[in-house]
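Q: Once you've had a glance at the structure underneath, I'll fire off some questions.
Just so you know, all these numbers are worked out from the coordinates, no wet-lab data involved. As the structure is a prediction and not an experimental result, all values here were calculated from the model. Reconstructed Cβ throughout: ideal geometry from the backbone, glycine too, with neighbour counts over all protein chains shown.
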Amino acid sequence: MEPEVEDGSQLKGDASVEGQFKPERMNALTDGVFAIVLTLLALDLKLPETDESILALMRNDRRVFIAWLISFLLIARFWLVHHAVTARLQQCHVGTLALNFCVLGAVTLVPFSADLIGTERIAEPWSTIVFAGNVGLLSLSVGLLARHVLRGPYLLHTDQSRTVLSRHRSHHLYVLPTVATASVLLAFVQPYLAVGVLLAEFVVFAAWSGWHFQTRSRLDRTGPLASMEGSQ
């Protein structure tokens, strides 16, 4: 007889109930940390108290607002990826929680690394290096979490496709860390190009993800229609 969890549902296979948890609390904690980090990014947007006009002050401190925008898009991107990974979980264990805390640790560093770009300017190589290193660390953490979910027995819902997880695992475990490493090396020579490389990856990833989403949506719509036509 298969073991039962507290709500009466059964775990499949030989998985032990001990040490296994539902992912709801992990996801709730993660959403809270992401929300706090986004709030901290906004708190860094301050204008000096001078007699100049607001537009002039914003123009003078435009690098701070640019750093905020880049960081906001970075956090939003990784929240979407983390959601895509964990939304397919039916349960997790200590290893899942440990990797998730690695993701959260890297996320909490984003306000600090973004503030370096905003205050020390992109032209300062070490500010760009710290930011690129933060991006690479965050990407590695998400990639390891995706690989863990794919390899862990009985973690995924049985009816869930592994295609999206495999794509995120490959991209965030290999592609983006390589881009971040290239950005670190470029920071000593061309700091603006180093940041441009990261931004280019963000744009390509967004376009690539959008194309996959549209393709999957078309397949989902045409699938039922084809079945109906075949049954007639």
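Q: Quick one: dipole size for the range 20-199, taken about the Cα centre, charges +1 on Lys/Arg Cβ and -1 on Asp/Glu Cβ, in debye to the nearest 20.
A: For this selection, approximately 880 debye.
Q: Skipping prolines and chain starts, which residues have an amide H placed within reach, meaning under 5 Å, of the one on ILE122, given they are 5 or more residues away or on another chain?
A: Excluding prolines and chain starts, which carry no amide H, there are no hits.
Q: Here is a further query. So how much slack lies between LEU97 and LEU43, counting 0.36 nm per residue of separation and subtracting their Cα-Cα distance, in nm?
A: Computed gain between LEU97 and LEU43 is 16.5 nm.
Q: Pairs of alpha-carbon atoms within less than 8 angstrom and 6+ residues apart define the contacts here; what relative contact order does the range 40-181 have, in percent?
A: On the way: 141 pairs, mean separation 39.1, N = 142.
Value for the range 40-181: 28 percent.
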